[in-house]
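The values are calculated or read from the model by the stated rules, or taken from the named source; none is laboratory data. Quick caveat: nothing in here was measured; it's all calculated off a predicted structure. Neighbour counts run over all protein chains shown; Cβ positions are idealised from the backbone, glycine included.
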Amino acid sequence: MDINIVKQKDEKDPLSKFRAHFHHPKNELYFDGNSLGKLPLKAQQTLHEIIQNQWGEGLIRSWNTHWLDIPKKIAAKYAQLLGAEKEEICIGESTSVRLYQILHALMSSGLFPKQLTTDILNFPTDLYVMEGLVKVFKISPISLISYSNEVEADIKKLKKFIANHSGIICLSLVSYKSAFLYPMQLLNRWAAKHSSIIVWDLSHAVGAVAVDLKETETKIALGCTYKYMNGGPGSPAFLYVNKGVQSKLFNPIQGWFGHQLPFDFEREYTPAQGIDRFASGTPSILSMAAMEAGVDLVLEAGIESLRHKSILQSELLLKMVQAELIPLGFLIESPIESEYRGSHVSLSHPASWQICQALLAGSKLQPKIIPDFRPPNFIRFGITPLYTQYKDLLVLVNTLKTIMNTERYLNFSTEKTTVT
């Protein structure tokens, strides 16, 4: 691929201006926005204001003047992004806690059979939460649907299982390993037809894939905000509960912010109306406030435009991989068709972990390149349309070629670090 061609693509990119809104370490290319997004410059300013003035000077008074409204303010923006009503989204807690809350609520509601189902493409934490609930409710083990590989779900097999085993299904809209993108509306309708409900984990989709919760007839969804949404490390999760089922579900973690009148300090617990009943403890203000810059940038850019650029960039990357890296022993572990792929591209190689380390180390002639590794041998390259450049993709492929042709990856250990 000619460098001039990719430079022209960057010059014509209508989203190129958004790159200037982020902090970029020098001599480094970042392809891990599917795991942790970059720092928006506005988030730095926001946190400085809150720490110095609102916390430092305002102290407890800032709850009334600034902080109490933050969760609803952020929730309204996520609702706009996801095609939901602002009364259907709440912000706070982690994705794991949110998943526990909503699965427990569904299991306790009597609306669906107490059978938990997922598949082998789902994120392990979701399985851990489900396994814990199996013990709490003393029900049959999780039904774990297997496929012939970890790249794509067999939708026919999935539908057949749901038809024969009604219950509560948990799926990741975009698979964390391969970026497989599920047909959301089709599966929601199929589940409803068979007395079931799907709880969607949007963690690897939100901010890069266009999601309309109303159009897809989604009842429950949740996800983290620190990947493509650039909310910051460990930023609070979001939970969507369709209005039609809110009154039938109850929060198993009854904290004071989920009370109808939290500041009356009543001894008896009365759940708040609507989505507010899924609040529990005191909101984490610093983390929530830092989220706003990221969601504002996504809304300004437009999710359809971001998705369009994501497809263009991932298709360019896949084209170069097929031409330059497949002959060097790499395999593509993501769906080729864009309609079935999220916004990261996964490759594999027998020496994947060593190759990752070689990319991270950089060299005198090449920048540090940050991807991530997932067992057994997946290297994931996240494309974040807000700041990924076309020329970055060319540098990535050329660097991988050099690493393989010089066998530089053999200089690195096969021993894994804690965070990969």
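Here the condition is being buried (at least 21 other Cβ atoms within 10 Å of the Cβ) and polar (S, T, N, Q); of Q115, Q101, Q54, it holds for Q101 alone.
Give me the residue from the stretch 37-79 that is out of contact with any Lys or Arg (no Cβ under 7 Å at 6 or more places or on another chain) and not in a helix (DSSP H, G or I) and, out of that set, nearest to V397 (Cα to Cα). Result: K38. Could you check, for the stretch 65-72, whether at least one of its residues is surrounded by fewer than 14 Cβ atoms within 10 Å (Cβ to Cβ) and either assigned by TED's automatic domain parsing to the domain that holds I139 or within 30 Å of S166 (Cβ to Cβ) (or both)? The answer is yes, given that some residue of the stretch 65-72 is surrounded by fewer than 14 Cβ atoms within 10 Å (Cβ to Cβ) and either assigned by TED's automatic domain parsing to the domain that holds I139 or within 30 Å of S166 (Cβ to Cβ) (or both). From the list R341, R374, R380, the lone residue that is in contact (Cβ under 8 Å) with a residue 40 or more places away in the chain, of a type in the set (D, E, K, R) and surrounded by fewer than 23 Cβ atoms within 10 Å (Cβ to Cβ) is R374.
Go through the residues of the stretch 372-383 one by one and say whether even a single one is out of contact with any strand residue (DSSP E or B) (no Cβ under 8 Å at 6 or more places or on another chain), at pLDDT 95 or above and among the β-branched types (V, I, T). No. Against the test of being crowded, with 16+ Cβ neighbours inside 10 Å, part of a helix (DSSP H, G or I) and within 22 Å of the chain's Cα centre (by Cα), the options L127, L133, L121 yield a single qualifying residue, L127. Can you say whether H48 is crowded, with 16+ Cβ neighbours inside 10 Å, of a type outside the set (F, W, Y) and without any contact (Cβ under 8 Å) to a residue 60 or more places away in the chain, as far as the supplied structure shows? Taking the combined requirement at face value, the residue does not satisfy it.
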